[in-house]
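Below: one structure, written as structure tokens.
Values in this text are rule-based calculations from the coordinates and carry no lab data. None of these values were measured; they are calculated from a predicted model. Heads up, the Cβs are rebuilt from the backbone with ideal geometry, glycines too, and the neighbour counts pull from every protein chain shown.
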Amino acid sequence: MLILGIETSCDETAAAVVRDGRYVLSNIIASQIDVHREYGGVVPEIASRKHIENIGRVVDTALREADTDKRQIDAVAVTSGPGLVGALLVGLSYGKALSFALNKPLIGVNHIEGHICANLLGENPVSPPFICLVVSGGHTHLLRVSDNWKIEVLGRTRDDAAGEAFDKTARALGLPYPGGPSIDLLAKQGNPNAIPFPRALSDEAGFSFSGLKSAVLNYLNKQRMMGEAFSQADVAASFQKAVVDVLTDKAIAACMKLNINTLALAGGVASNSALRKSMRMSCEKNGITLFVPPPIYCTDNAAMIASRGYFRWKQGKISSLDLNANPDVGDFSEM
């Protein structure tokens, strides 16, 4: 089965061809980072316009690199939400047009479910049951994936997502967008124990990063108002450790409480080197097997969407052409 995946939920225009839900034949991503860096973050209207400019070329390139004619595609999988509604509509409209013109099934995919499926790509796929921590610029979810691939939300952020906190802290430090890689790089030069930033635990499995973000801003404002010097690297390292500690502790606690010895990471923040190291050490200590996708499959991409689309197609879950974009997370379905 060859699935063409299309992803336009935020600021990456992506297309991929994946065989049997696991084997990536092509994975093309047109990033808009340079465009949005000028504004310190994603501007939704600009993102939508760039998707319109890029999507035809990106899809054609994905098909060409996969050495596949569009008529050989068995189905079209496209992100229908969550995300920026204008951006979603570009990919969804293009996917519908292809589906109609080629008389191929259309499969709408939940973006977060797609992130989970990044752990299925390649030669060592994760198998249920497992706990999955999805951490990105817009989402922080702790999920249980059962034997029947049913997804249960154990906890989610109550305010800012972890990636959003990274971006806003980076902006406060004058670091370039995107904030995650900038913080990760600078933190390597700092002392993660220099500043006792708070760890907001929220409920048992929920997350909250707004207070941490405010604590960083208050610290920076206080130091500047008093004319006292501070180390940007120490701020970055201490902030990053506060985020990583909470993510690691809650993911490990969920595995131990539910007696599940497999943990998977997903989402853009899963590329963070400190998070990967912390998770790896904690998993080894507690006898938990850790799955982390390669960085290219952590950030938004279409290979994960094609993979999720394949499994929905196997279940007969075909979308109609009146499928609409849903910017909210919505409900999760059995995989």
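Among 189-197, 58-66, how do they line up from the highest to the lowest mean number of other beta-carbon atoms within 10 Å?
58-66, 189-197
At a temperature of 20 °C and a viscosity of 1.002 mPa s, determine how fast the range 127-292 diffuses translationally according to Stokes-Einstein, using the Kirkwood radius over alpha-carbon pairs as Rh; express D in µm²/s, rounded to the nearest whole number. Could you put the intermediate results ahead of the total?
Details: Rh = 16.1 Å.
For the chosen part, D equals 133 µm²/s.
Test of the criteria: in the range 99-156, which GluC sites (Glu not before Pro) are in a DSSP loop and have at most 14 other Cβ atoms within 10 angstrom of their Cβ?
Glu123
Just Tyr297, Tyr39, Tyr94 to compare: in a GNM of the chain, with alpha carbon springs under 10 Å, which one fluctuates most?
Result: Tyr39 has the largest fluctuation of those listed.
Taking R0 as 25 Å, what's the FRET efficiency between Asn261 and Asp74 from their Cβ-Cβ distance, rounded to 0.05? Before the final figure, lay out the partial values.
Values: r = 35 Å, r/R0 = 1.41.
For Asn261 and Asp74, the calculated efficiency is 0.10.
Can you compute the FRET efficiency between Glu65 and Glu284 using 1/(1 + (r/R0)^6), with r the Cβ-Cβ distance and R0 = 30 Å? Round to the nearest 0.05. Before the final figure, lay out the partial values.
Working: r = 37 Å, r/R0 = 1.24.
Taking R0 as 30 Å, the efficiency between Glu65 and Glu284 is 0.20.
Measure nothing but the geometry: give the 0 to 90° angle between the long axis through the Cα atoms of 273-286 and the longest principal axis through the Cα atoms of the chain, rounded to 10°.
So the helix axis and the longest Cα principal axis differ by about 90 degrees.
What is the projected area of the convex hull of the Cα atoms of the chain, averaged over all directions, in nm²?
Details: hull surface 65.2 nm².
That works out to 16.3 nm².
Which of the lysines could a cross-linker bridge to Lys104, judged by Cα under 25 Å and excluding same-chain residues fewer than eight apart?
Qualifying lysines at Cα under 25 Å: Lys70, Lys96, Lys314, Lys317.
If you line up the long axis of helix 303-314 against the longest principal axis of the chain, both from Cα atoms, how many degrees apart are they, to the nearest 10?
For 303-314 against the chain, the angle is about 50 degrees.
I'd like to compare 126-136, 246-256: which one has the highest average count of other Cβ atoms within 10 Å, and what's the full order after that? All intermediate terms of the calculation are to be shown ahead of the outcome.
On the way: 126-136: 22.7, 246-256: 20.4.
Result, highest mean first: 126-136, 246-256.
Projected onto the charge dipole of the chain (+1 at Lys/Arg Cβ, -1 at Asp/Glu Cβ, origin at the Cα centre), which of Leu275, His115, Ser208 gives the Cα projection farthest towards the positive end?
Checking the options against the dipole of the chain, the answer is Leu275.
Under the 0.36 nm per residue contour assumption, what length would be gained going from the current alpha-carbon distance of Asp147 and Glu45 to full extension?
32.6 nm
Taking the Cα centre as origin and putting +1 on Lys and Arg beta-carbons and -1 on Asp and Glu beta-carbons, what dipole magnitude results for the chain, to the nearest 20 debye?
The dipole of the chain has a size of about 320 debye.
Along Cα→Cβ, 7 Å out, is where each label goes; now give me the distance between the ones at Glu204 and Ser127 in nm to one decimal.
2.9
Need the list of lysines near Lys168 for cross-linking: C-alpha distance under 27 angstrom, and skip anything on the same chain fewer than eight residues off.
The reachable lysines, counting only those whose Cα sits under 27 Å from Lys168, are Lys50, Lys188, Lys213, Lys222, Lys241, Lys250, Lys277.
Most mobile of Tyr310, Tyr23, Tyr219 per a Gaussian network model of the chain (Cα springs, under 10 Å)?
Tyr219
If you take the charge dipole of the chain about its Cα centre, with +1 on Lys and Arg Cβ and -1 on Asp and Glu Cβ, which of Phe311, Val85, Tyr219 is farthest toward its positive end?
In the chain, that residue is Tyr219.
Pulled fully out, how much extra length does the chain show between Asp249 and Asp322, if you take 0.36 nm times their separation in residues and subtract their Cα-Cα distance?
Gain on stretching Asp249 to Asp322: 22.1 nm.
Determine the relative contact order of the range 127-292: mean sequence separation of Cα pairs under 8 Å and six or more apart, normalised by residue count, in whole percent. All intermediate terms of the calculation are to be shown ahead of the outcome.
Working: 324 pairs, mean separation 44.1, N = 166.
Over the range 127-292, the number comes to 27 percent.
With each pseudo-label sitting 7 Å past Cα toward Cβ, what's the Arg57-Glu38 distance in nm, one decimal?
1.7
Grab the DSSP H runs of the chain that are 4 residues or longer, score each as -39,500 (n - 2.57), total them, divide by all residues and round the 222 nm result to the nearest 500 deg cm²/dmol.
After summing the helix terms and dividing by residue count, I get -14000 deg cm²/dmol.
Given Cα pairs under 8 Å that are at least 6 residues apart, what percent is the relative contact order of the chain? Don't skip to the end; give the middle numbers.
On the way: 770 pairs, mean separation 84.5, N = 335.
Reported relative contact order: 25 percent.
Mind pulling the angle between the C-alpha long axis of helix 85-102 and the longest principal axis of the chain? Nearest 10 degrees, somewhere in 0 to 90.
20
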